[in-house]
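Peer 1: If you scroll down you'll find the structure; I have some questions about it.
The values are calculated or read from the model by the stated rules, or taken from the named source; none is laboratory data. These numbers come from a predicted model, not from an experiment. Heads up, the Cβs are rebuilt from the backbone with ideal geometry, glycines too, and the neighbour counts pull from every protein chain shown. Heavy atoms of the whole protein, side chains included, go into the accessibility calculation; ligands, DNA and RNA do not. Shrake-Rupley method; radii C 1.70, N 1.55, O 1.52, S 1.80 Å.
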Amino acid sequence: MPSTNKTSVNVIRDLGRIVINRRAALSNIEFEHRSATRRKVDEKATQLHAIASLKVLLDATKPQRGAATSSAANHVKINLKETTLASDRPNGNIDTTIDSGNELEEEPPEALSMSWPKGARKRITYLLVAPIIFPLYLTLPDTRTPRGKKFFPVTFIGSIVWIAAYSYLMVWWATVVGDTSKIPAEVMGLTFLAAGTSIPDLITSVIVARKGFGDMAVSSSVGSNIFDVTVGLPIPWLMYGIIYGQPVEVNSVGMVCSITILFLMLLFVVMSIACFRWRMNKGLGFTMFLLYFAFVAVSLMFEYDVLICPF
């Protein structure tokens, strides 16, 4: 009996040691698992911090660096899908993704609808643009629809024809208004016609600037004026000379002063942009408005003989 009791005691003691060793092993395994989980969480937190810092940097440089930087920053979009703690997830992973702006496609534009809109403001706009929109709607295929995409050459050529027609009507009506109001044709061309023909350029520049392509907006504004002077004027004069066999008479009184004012305005524009460190901001926009009003005021003074050009 005594030997049997000793054997039982030894067995129980061995079992106790095995349980203690297993508990210690489980504790070590759990500790190592927690350490690995914490290391993963720390790594993910570091990556998340770097991504957030990059996003802040891009957002900060977009409005300040103007043309070039905003164009580059527009191609990166950071999408932080989930930022959850490790305790809320079984594996402690944090999902972060960086999507390129080239992969994010914009929604396709909707086809033109001529239905009566809702709301007073939209209805007023509808009535104002209806005389322009209705002829285009009836004569040009809408390339935003699947059926009209294959007729894009017709739409392109037809748009040029309609621009020529609307331009002719605009010049004709401006001339009639000027003759009725006793306003010289030079003044009408300097103010109303200049503003009317520049509205499409303004809309285009605003659209591309809001998308972040500031350099394209500036290039469009400068290139359109160069195109008007070097192509828009010579082609009509060439056609007039070919058809009627005589040159176009242009009033050259004060032409030297007008060209001088043009070069001075160009110089002031470049100096203004340089003073604002080549950044397009509110101050530069306000300065451009002042320069435009100064140019119009001086030109009108020359037209009404308030200022006399010595050349």
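Peer 1: Identify, by number, the condition in (1) on the phi > 0 side of the Ramachandran plot; (2) within 35 Å of the chain's Cα centre (by Cα); (3) modelled with pLDDT under 80 that Arg277 doesn't meet.
Peer 2: Every condition holds for Arg277 apart from (3).
Peer 1: Next up: For the stretch 219-232, how many residues are open to solvent by 70 Å² or more (accessible area, probe 1.4 Å), under 15 Å from Pro200 (Cα atoms) and not charged (D, E, K, R)?
Peer 2: Qualifying residue count for the region: 4.
Peer 1: Right, next: Of the numbered conditions (1) open to solvent by 70 Å² or more (accessible area, probe 1.4 Å); (2) more than 30 Å from Val298 (Cα to Cα); (3) among the β-branched types (Val, Ile, Thr), Thr197 satisfies every one except a single condition; which is it?
Peer 2: (2)
Peer 1: Let me ask something additional. Among the listed residues Glu186, Glu249, identify the single one that is in contact with a helix residue (DSSP H, G or I) (Cβ under 8 Å, 6 or more places away or on another chain), of a type in the set (Asp, Glu) and open to solvent by 80 Å² or more (accessible area, probe 1.4 Å).
Peer 2: Working: Glu249 fails: in contact with a helix residue (DSSP H, G or I) (Cβ under 8 Å, 6 or more places away or on another chain).
Answer to the check: Glu186.
Peer 1: Out of Thr260, Thr204, Thr230, Thr197, which single residue is more than 22 Å from Ala164 (Cβ to Cβ) and assigned to a helix (DSSP H, G or I)?
Peer 2: Thr260
Peer 1: Tell me, please, whether a residue that is of a type in the set (Lys, Arg), closer than 25 Å to Gly214 by Cβ and in a helix (DSSP H, G or I) can be found in the stretch 271-281.
Peer 2: no
Peer 1: So Trp237 passes all but one of these: (1) modelled with pLDDT of 85 or more; (2) under 34 Å from the mean Cα position of the chain (by Cα); (3) in a helix (DSSP H, G or I). Which condition number does it fail?
Peer 2: Of the numbered conditions (1) modelled with pLDDT of 85 or more; (2) under 34 Å from the mean Cα position of the chain (by Cα); (3) in a helix (DSSP H, G or I), the odd one out for Trp237 is (2).
Peer 1: Out of the stretch 95-118, which residues are at pLDDT 85 or above and either closer than 21 Å to Trp162 by Cβ or surrounded by 10 or more Cβ atoms within 10 Å (Cβ to Cβ) (or both)?
Peer 2: Result: Pro117, single match.
Peer 1: Could you run through the stretch 119-149 and say how many residues are under 13 Å from Trp162 (Cα atoms) and surrounded by 11 or more Cβ atoms within 10 Å (Cβ to Cβ)?
Peer 2: Quick first cut of the stretch 119-149, residues under 13 Å from Trp162 (Cα atoms) only: 131-140.
Now narrow it down to the ones that are surrounded by 11 or more Cβ atoms within 10 Å (Cβ to Cβ): 132-137, 139-140.
Within the stretch 119-149, residues that are under 13 Å from Trp162 (Cα atoms) and surrounded by 11 or more Cβ atoms within 10 Å (Cβ to Cβ) number 8.
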